[in-house]
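This report refers to the structure that appears directly beneath it.
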Ligand code: K1U
Ligand code: ZN
């Protein structure tokens, strides 16, 4: 088990498009274990492989109160989206300290492999649906701040770069 470093916006590696996982083998199972540990340690409700600089289609999520219901989605694909959308407050472990509203589908259906390589269908609404859409965006190289206005996004970029410079000093 290991804590993995999380890429911080505006690192260009966050914009890489992830490739499908070819095989759920020991390497992928170890990555799942490390990503879950990293997500729980960072107090997040989700984490995409992209955020730990692995560009394969793998996400982990836990939206439970008790933080004991891990969900592993390998090669996730959206198969259905609700007609209704709403704006929800989002945060991101790659953009620490920034929260803003993003419009998302209220409910989604997703097919994916689980952590043992078995096919699963997930019918999600509420926070789980929001989190799945946020994490699937990461796999496409998209960070939630890209839904915000250019003015807000540039302010966030400047703030992040300043914080990173100060951390290094
Ligand atoms: O992908 C990530 O960086 C994880 C991210 C997931 C997420 C949070 C909120 C909405 C959509 C997706 C986080 O876990 S950010 C930290 C967090 O726990 C949180 C932030 C705002 C609302 C709820 C939770
Ligand atoms: Zn994120």
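The table for this structure:
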{"quantity": "Gaussian network model of the chain, Cα within-10 Å springs - most flexible of 23, 133, 51", "calculated": "23"}
{"quantity": "Cα centroid separation - the stretch 104-169 against the stretch 1-54, whole Å", "calculated": "12 Å"}
{"quantity": "Relative contact order of the stretch 17-67, defined on C-alpha pairs under 8 angstrom at six or more residues apart (%)", "calculated": "41 percent"}
{"quantity": "Average Cα contact separation per residue, the stretch 54-169, under 8 Å, 6 or more apart, as relative contact order %", "calculated": "22 percent"}
{"quantity": "Residues 86, 134, 109, sorted so that the one with the fewest Cβ neighbours within 10 Å comes first", "calculated": "86, 109, 134"}
{"quantity": "Computed [θ] at 222 nm, helices only, for the chain once each DSSP H run of length n ≥ 4 contributes -39500 (n - 2.57)", "calculated": "-9500 deg cm²/dmol"}
{"quantity": "Spacing of the two label points (7 Å from each Cα toward its C-beta) at residue 79 and residue 161, in nm", "calculated": "4.4 nm"}
{"quantity": "Contact order relative to length of the stretch 1-106, as percent, for alpha carbon pairs under 8 angstrom and 6 or more apart", "calculated": "25 percent"}
{"quantity": "Sorted by Cβ density within 10 Å, fewest first, the residues 140, 1, 39, 160", "calculated": "1, 140, 160, 39"}
{"quantity": "Order of 153, 168, 104, 27 under a 10 Å beta carbon neighbour criterion, fewest first", "calculated": "168, 27, 153, 104"}
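Each reported figure results from applying straightforward, stated rules to the coordinates on display, with no laboratory input. Just so it is clear, the model here is predicted, and its values are computed rather than measured. Counting neighbours? That spans all protein chains shown, and the Cβs are built from the backbone with ideal geometry, glycine included.
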